[in-house]
Amino acid sequence: MSEPSEETRIESFDRMLGIVDRLRAPDGCPWDRKQTVETMAPHLIEEAYELLEAVECGSDRDVIEEAGDVMMVVAMICRIAEEAGRFDLGDASRAIAEKLVRRHPHVFGEEQITDADEVVGRWEAIKKVEREEKAEDSSALAGVPKGLPALQRARRTCEKAAAAGFAWEDARGALAKLKEEVAELEAELEGVSGEADLEGEHEARVIAELGDVLLAGAHLGRYLGVDPEGACREAVRRFEGRFRSMESSLGKGGVTGRPLAELLAAWEVAKASG
């Protein structure tokens with residue numbers, strides 16, 4: 001595939017913006033005309049996850065299609081805001097351009113940085129100064145959206161803490177912490193066989209300890225260079241594939257009503273086959 005020219009990229013982008021404008025025109029699409037910034041926002045999350053799935057599992061064609069969907073939603077949000085006199089795509093483009101230049105002094109300024117980890121630390125330091133200047137939350141952990149999926153938020157929080165110097169020396173320290181949290185969960189589960197055995201403060205302690213295990217596992221991922229959110233999604237995909245294979249091998253009726261020993265045996269066969 002030949003590399004697109006600057007002119008071709010601009011033409012393609014302009015065409016997309018023209019289509020968005022047409023959809024929002026008085027004689028445009030009734031559904032698109034009805035949308036607001038608030039109603040479009042959830043579509044951005046949905047499309048972003050579809051793009052993520054395409055990157056992890058799909059072909060370049062899938063990635064191209066899903067990336068286009070994300071761009072369209074962003075363009076639509078900015079177009080709707082422009083009609084209300086709030087902001088437009090130009091404002092958003094200028095804001096990110098200025099931010100990228102400001103946060104890359106080693107590229108656009110005089111600083112000399114060649115190490116990727118040092119770049120991350122410098123990036124966080126610049127963001128901290130920006131927040132202080134705006135009288136915003138200047139904690140080293142600030143800026144992690146609360147709406148992120150839990151494991152992804154755990155990873156970002158760990159990255160920020162590590163960038164500030166609060167970090168184990170290596171993965172062994174993080175693994176030891178995970179084992180410590182598992183031991184604490186095991187202690188709380190002593191004598192517990194199921195949900196019926198949990199209530200009140202005991203239930204709250206079990207929930208807290210399980211949460212600590214998941215958090216420690218996510219933090220371990222950071223030291224191994226593994227995205228815990230992606231690792232968990234892949235684990236779910238493996239589980240689903242094996243479960244469906246197990247169902248197929250059991251024939252009519254699937255797993256329903258079968259003894260656990262039979263199901264476990266079928267599971268091991270499905271696991272061995274991939």
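No value in this document is a laboratory result; all are computed from the given coordinates. Values in this document were obtained by computation on a predicted structure and should not be read as measured data. Cβ atoms come from the backbone with ideal geometry, glycine included; neighbour counts cover every protein chain shown.
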Legend entry - Residues S139 and E7, FRET efficiency given R0 of 45 Å [Cβ-Cβ distance, rounded to 0.05]: 0.50
Inset, instruction - Any chance you could check the Cα centroid distance between the stretch 178-254 and the stretch 14-58 for me, in angstrom? - result: 36
Inset, instruction - Summarise the long-distance tail of P(r) for the stretch 139-226 by giving the % of C-alpha pairs beyond 23 Å. - result: 33
Legend entry - Normalised contact order of the stretch 139-226, rounded percent, pairs of Cα under 8 Å and 6 or more residues apart: 41
Legend entry - Exposure proxy order (Cβ contacts within 10 Å, fewest to most) of K128, K99, K252: K252, K99, K128
Inset, instruction - Would you kindly give the portion of the calculated P(r) for the stretch 6-102 that falls above 20 Å, as a percent of all Cα pairs? - result: 46
Legend entry - Relative contact order computed over the chain (Cα-Cα under 8 Å; 6+ residues apart), in percent: 10
Inset, instruction - Please state the charge dipole magnitude for the chain, taken about the Cα centre, from unit charges on C-beta atoms (+1 on K and R, -1 on D and E), reported in debye and rounded to the nearest 20. - result: 360
Inset, instruction - With N set to the residue count of the stretch 231-272, report its C-alpha Rg divided by 2.2 N^0.38 Å to two decimal places. - result: 1.17
Inset, instruction - With springs only between Cα atoms under 10 Å apart, run a GNM on the chain and tell me which of A25, A183, A163 wobbles the most. - result: A25
Legend entry - Using a Förster distance of 51 Å, the FRET efficiency for R172-E262 (Cβ separation, nearest 0.05): 0.80
Inset, instruction - Just round it to a whole percent: the fraction of Cα-Cα distances in the chain exceeding 32 Å. - result: 49
Inset, instruction - Give the distance, in whole Å, between the Cα centre of the stretch 82-108 and the Cα centre of the stretch 123-159. - result: 19
